[in-house]
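A.B. asks: What follows is a structure written as structure tokens; I'll ask about it next.
The values are calculated or read from the model by the stated rules, or taken from the named source; none is laboratory data. Because the structure is a prediction, the values reported are computed rather than measured. So basically every Cβ, Gly included, is an ideal-geometry build from the backbone, and we count neighbours across all protein chains shown. In case anyone asks, the SASA skips ligands and DNA or RNA and just uses the protein heavy atoms, side chains included. Shrake-Rupley method; radii C 1.70, N 1.55, O 1.52, S 1.80 Å.
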Amino acid sequence: GVQTCALPIFRDEVHRLSRLVSRMLDIARLQSGSMALSLQRFDVSELLCRTLLSFETRVESKALEVSVDLEEPQCYVSADPDYISQVIYNLIDNAIKFSNEGAPLRLSVDKKGHLAYISVENTGPGIPPEELPYVFDRFHKTDKSRGMDREGMGLGLYIVKVILNNHHQDIRAESDGGLTRFTFTLALSE
């Protein structure tokens, strides 16, 4: 059951986070593109589900309807698992932050050609069309008038973009009628 596996997962998360903190201090190197990525073959679907689990309390407190849509049970990619974990964490974090109470939160993994497409989708206030091109900018906040309650979006998405640039992969944001979707790509590994 959940109880038995919670502790090792928690311990893994703590180790992962302390590793990430030390690696995130390297953000200047990351920006310059000289970051040494540790490319590994791993199942991105599993990482997505594991990362989602760490948000359980926040998901429940907002009563979000979570669905995970996997084209296949496993999806092996070649990437740096610590950094991709940070990407997924930041995207889910944002999605929950800007979700309406009781709204759907949908995660999905699809394969097309040589790429995996990972999406995080939420329903909330949305991002105005004129703001979309700037959501990955370093200090961008989507809603300047409400200052504080949009806090934190800027750097989180900026880090996501920088990490994916270093993987030579792409991310795009779409927002329409309150539905916001972030989709990024990773190289498939067979």
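A.B. asks: Hey, can you tell me all the residues within segment 79-113 that are hydroxyl-bearing (Ser, Thr, Tyr) and either open to solvent by 20 Å² or more (accessible area, probe 1.4 Å) or over 12 Å from the mean Cα position of the chain (by Cα) (or both)?
C.D. replies: Listed by number, the residues that qualify are 89, 99.
A.B. asks: Related question: With the condition kept exactly as written, say whether any residue in segment 80-90 is in contact with a Gly (Cβ under 8 Å, 6 or more places away or on another chain) and within 28 Å of residue 114 (Cα to Cα).
C.D. replies: yes
A.B. asks: Also, quick follow-up: Return the residues of segment 75-99 that are more than 15 Å from residue 126 (Cα to Cα), at pLDDT below 95 and among the polar types (S, T, N, Q); say none if nothing qualifies.
C.D. replies: Correct list: 85, 86, 90.
A.B. asks: Still on this model: On the given criteria, is residue 85 touching a residue at least 12 places away in the same chain (Cβ under 8 Å) and in a strand (DSSP E or B)?
C.D. replies: no
A.B. asks: Kindly establish whether residue 94 is on the phi < 0 side of the Ramachandran plot and touching a Ser or Thr at 6+ places or on another chain (Cβ under 7 Å).
C.D. replies: no
A.B. asks: I'd like to know if segment 100-123 contains one or more residues that are touching a Gly at 6+ places or on another chain (Cβ under 7 Å), farther than 13 Å from residue 51 by Cα, modelled with pLDDT of 95 or more and not in a strand (DSSP E or B). Before you say what the answer is, go through the steps one by one.
C.D. replies: Kept after step one, since they are touching a Gly at 6+ places or on another chain (Cβ under 7 Å), are these residues of segment 100-123: 100, 103, 123.
So of that shortlist, the ones also farther than 13 Å from residue 51 by Cα come out as 100, 103, 123.
The next check asks that each one be modelled with pLDDT of 95 or more; those that pass are 100, 103, 123.
Within this subset, residues satisfying the condition of being not in a strand (DSSP E or B) are 100, 103.
Yes - at least one qualifying residue is present in segment 100-123.
A.B. asks: Quick one: in segment 48-78, of everything that is closer than 11 Å to residue 109 by Cα and in a loop (DSSP other than H, G, I, E, B), which residue is least open to solvent (accessible area, probe 1.4 Å)?
C.D. replies: Filtering first and then ranking leaves 75.
A.B. asks: In the list 93, 82, 110, 69, which residue meets the criterion of being among the acidic types (Asp, Glu) and within 13 Å of residue 157 (Cα to Cα)? Spell out how you get there, then give the answer.
C.D. replies: Working: 82 fails: within 13 Å of residue 157 (Cα to Cα); 110 fails: within 13 Å of residue 157 (Cα to Cα); 69 fails: within 13 Å of residue 157 (Cα to Cα).
Going through 93, 82, 110, 69 in turn, just one is among the acidic types (Asp, Glu) and within 13 Å of residue 157 (Cα to Cα): 93.
A.B. asks: Continuing with the same structure: Which number in (1) open to solvent by less than 40 Å² (accessible area, probe 1.4 Å); (2) farther than 20 Å from residue 63 by Cα; (3) at pLDDT 90 or above marks the one condition that residue 158 misses?
C.D. replies: Of everything listed in (1) open to solvent by less than 40 Å² (accessible area, probe 1.4 Å); (2) farther than 20 Å from residue 63 by Cα; (3) at pLDDT 90 or above, residue 158 misses just condition (3).
A.B. asks: Something else now. Looking at residue 186, is it modelled with pLDDT of 90 or more, part of a helix (DSSP H, G or I) and open to solvent by less than 60 Å² (accessible area, probe 1.4 Å)?
C.D. replies: So residue 186 fails the test.
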